[in-house]
Amino acid sequence: MVSPPVTRPSPSRRSVVGRHLVAERPDAQPSIPDLLRADGVAVSFEFFPPKDDAGEAALWDAIRMLERMRPAFVSVTYGAGGTTQDRTVRVTERIARDTTLTPLAHLTCVGASRTALRHVVGQYAAAGIRNVLALRGDPPGDARGTWVPHPEGLDHADALVRMLRSLGDFTVGVAAFPDVHPESGDLDEDVETLVRKADAGATFAVTQMVFDADTYLRLRDRVAARRDLPITPGLMPVTNVRQIARMSYLMGTPLPPRIVERLDAVADDPTAVAAVGVEIATELGERMIAEGAPGLHFITMNRSTATLEVHANLGLGPATERPVA
């Protein structure tokens, strides 16, 4: 069984978000944009919400292992279509209370009224969490289906950013799509979307998984010409060919032919797949760090081994300095 969280000392001041009592804690979490702008490469880890208590125990094993790497921050996503919200919120709260890690809380518009969103924000704030990733989210049931907002909810991520900023002293991040969002017409539209999110109050962005460094750099540079919005690339060491193919479809992130060829060549050997996945992630990480990416956001799939291998290959560690050109 998963042990209950340990409560931190009582807060010194209180305020109200919606109907939720919010703690304005003296031990406030650091701002993620500040961490990204500091010297060095800001490493972060992303976890998926567990489906049951056994999965949650395994998740905590990975969290504790990766905590030793002293990442800048960590996040726990919602399940597909906004599912597992309660478990995601609970795990994120526990990270804030029971670890040395800075959590980035996920929040989506999927199936949620404005009142429900304010309630979740109140839960995060009561745990001392001030960094939130604001997402529209994917349509429930079919990530590539038609988006339908909750009748009393929000329709776009920029509206969620504005709500968060209106509810308290939150640092708000947003998603970015180097390979163009499935619902966007082209890169220009995606750039405009990120500019609107920045204007609404977002101060950093994290991308979907990147398998082509050039697409990341193109998006980063286009946005940088318009707004000061640090964009951290998502990096996923592949360990399962079928899994990455499905994720590629759901996220609308095409796998470059050269990546597919390397994985297909060893598809029948799980050990070789993991080794090639680590090689690919290492190469991408080296390129993006050399090109000045503010950090790397590892999509861990709740496993630490492949992530730790890439981390070691890149020579990353606390306050890792960038290579000198």
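The values are calculated or read from the model by the stated rules, or taken from the named source; none is laboratory data. None of the values given here were measured: they were computed from a predicted structure. Heads up, the Cβs are rebuilt from the backbone with ideal geometry, glycines too, and the neighbour counts pull from every protein chain shown. To get the accessible areas, we keep the full protein, side chains included, count just its heavy atoms, and leave off ligands, DNA and RNA. Shrake-Rupley method; radii C 1.70, N 1.55, O 1.52, S 1.80 Å.
Under 5 Å between amide H atoms, partner at least 5 residues away or on a different chain: which partners does PHE298 have, H built in plane at 1.01 Å?
For PHE298, whose amide H was placed from the backbone, the distant partners under 5 Å are SER44, PHE45, GLU46, LEU235.
Identify, among ALA290, LEU255, ALA176, the residue whose Cα sits farthest towards the positive end of the charge dipole of the chain, taking +1 on the Cβ of Lys and Arg and -1 on the Cβ of Asp and Glu, with the dipole about the Cα centre.
About the Cα centre, the residue reaching furthest to the positive side is ALA176.
In square angstrom, what is the accessible area per residue of the stretch 87-236 with a 1.4 angstrom probe?
36 Å²
So what's the convex hull volume per residue for the Cα atoms of the stretch 146-187, in Å³?
So the per-residue hull volume is 83 Å³.
What are the ³J(HN,Hα) couplings of the stretch 61-66, residue after residue, when phi is run through the Karplus curve with 6.51, -1.76, 1.60 and θ = phi - 60°? Round to Hz, x for glycine and proline.
Residue by residue, the stretch 61-66 yields 4, 5, 4, 5, 5, 7 Hz.
Could you run the Karplus curve 6.51 cos²θ - 1.76 cosθ + 1.60 with θ = phi - 60° over the stretch 232-242 and give me ³J(HN,Hα) per residue in whole Hz, x for Gly and Pro?
Listing the rounded values in order: 9, x, x, 10, 10, x, 6, 10, 8, 5, 4 Hz.
How much of the accessible area of the chain, in percent, comes from carbon and sulfur atoms when a 1.4 Å probe is used?
50 percent
THR232's amide H: which non-local residues (gap 5+, or another chain) put their own amide H closer than 5 Å, with H modeled 1.01 Å from N in plane and none for Pro or chain starts?
Those qualifying (amide H under 5 Å, at least 5 residues apart or on another chain) are ALA205, VAL206, THR207.
Roughly how many nanometres apart are two label points built 7 Å out from the Cα toward the Cβ at GLU286 and ASP39?
2.5 nm
Karplus couplings for the stretch 29-43 from phi (6.51 cos²θ - 1.76 cosθ + 1.60, θ = phi - 60°), rounded to Hz, Gly and Pro as x?
Residue by residue, the stretch 29-43 yields 6, x, 7, 4, x, 5, 5, 5, 8, 6, 4, x, 9, 7, 8 Hz.
Picking from ALA38, ALA200, ALA105, which is most flexible by a Gaussian network model of the chain using Cα springs under 10 Å?
ALA38
How much length, in nm to one decimal, is gained on full extension between ASP214 and ASP186, taken as 0.36 nm per residue of separation minus their Cα-Cα distance?
The ASP214-ASP186 span can extend by a further 8.5 nm.
Expressed in whole Å with the largest first, what are the equivalent ellipsoid semi-axes of the stretch 252-308 derived from the C-alpha gyration tensor as the square root of 5 times each eigenvalue?
21, 15, 11
Can you list the residues, at least 5 places off or on another chain, whose amide H is less than 5 Å from the amide H of TRP147, using H built in the peptide plane?
Amide H neighbours of TRP147, under 5 Å, 5+ apart: none.
How big is D for the stretch 205-324, in µm² s⁻¹ as a whole number, if Stokes-Einstein is applied with the Kirkwood radius of its Cα pairs at 20 °C and 1.002 mPa s?
Stokes-Einstein gives a translational diffusion coefficient of 144 µm²/s.
Rg (Å, one decimal) plus Dmax (Å, integer) for the alpha carbons of the stretch 95-171?
Expressed in Å, the Cα Rg and Dmax of the stretch 95-171 come to 13.1, 40.
To the nearest 0.05, what FRET efficiency results for ARG114 and ASP199 with a Förster distance of 22 Å applied to their C-beta separation?
0.60
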